[in-house]
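Report on one structure; see the data block that follows.
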Amino acid sequence: VVHGDVKPGNVLGTSGRRFKLADFGTARKPGPAPVDGGTVEGSWPYTAPECFDGPGDARSDVYSLGLTLVHALTGTIPISAVGYGACRAAHASLVLDPLHWTVPGIGTRASDWIRRMTATD
């Protein structure tokens, strides 16, 4: 299933340090989805760049999860642009600094993993 709106507000913490994904209102089966006149589903600060031009796929959810992890670890939203065009441009040019440079306790493997999740290529 492609969730389509992975963001901090849709990740619920449970007992035992487990997390669950909620709000499957934009979820769909993998594969082509109809594009409805340019509407971007999901929350723009966490939406993968390709979703501004089409429906995206499971890789789009990985990108959104990477940005969600950055937000959880740093306390800041990686994309602070406002408006469709500004958000689209910010995602297209996003290159994150390695988190192990600024977040105490984050190792290089985790930092590299998150950077790969948020890579735009």
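The values are calculated or read from the model by the stated rules, or taken from the named source; none is laboratory data. It should be emphasised that the depicted structure is a prediction, and the values quoted were computed from it without experimental measurement. For neighbour counting, all protein chains shown are included, and Cβ atoms are generated from backbone atoms with ideal geometry for every residue, glycine included. To get the accessible areas, we keep the full protein, side chains included, count just its heavy atoms, and leave off ligands, DNA and RNA. Shrake-Rupley method; radii C 1.70, N 1.55, O 1.52, S 1.80 Å.
For Pro98, work out the one condition from (1) in contact with an Asp or Glu (Cβ under 8 Å, 6 or more places away or on another chain); (2) under 21 Å from Leu21 (Cα atoms) it doesn't fulfil.
So Pro98 meets the others, but not (2).
Quick one: in region 88-102, of everything that is open to solvent by 70 Å² or more (accessible area, probe 1.4 Å) and assigned to a helix (DSSP H, G or I), which residue is farthest from Ser64 (Cα to Cα)?
Out of the qualifying residues, it is Trp101.
Taking region 66-87 as the search range and keeping residues that are among the polar types (S, T, N, Q) and either open to solvent by 70 Å² or more (accessible area, probe 1.4 Å) or part of a loop (DSSP other than H, G, I, E, B) (or both), which one is modelled with the lowest pLDDT?
Ser80
Taking only pairs six or more apart or across chains, which ones have beta-carbon atoms under 6 Å, a first residue in region 73-88 that is touching a residue at least 12 places away in the same chain (Cβ under 8 Å), and a second residue that is among the aromatic types (Phe, Trp, Tyr)?
Cys87/Trp44; Arg88/Phe52
Sort through Thr118, Thr108, Thr76 and tell me the only one that's within 28 Å of Val1 (Cβ to Cβ) and among the polar types (S, T, N, Q).
Checking each option against the conditions leaves just Thr118.
Looking at Asp5, Asp61 in this structure, which one is touching a Gly at 6+ places or on another chain (Cβ under 6 Å) and in contact (Cβ under 8 Å) with a residue 40 or more places away in the chain?
Result: Asp5 is the single residue among Asp5, Asp61 that is touching a Gly at 6+ places or on another chain (Cβ under 6 Å) and in contact (Cβ under 8 Å) with a residue 40 or more places away in the chain.
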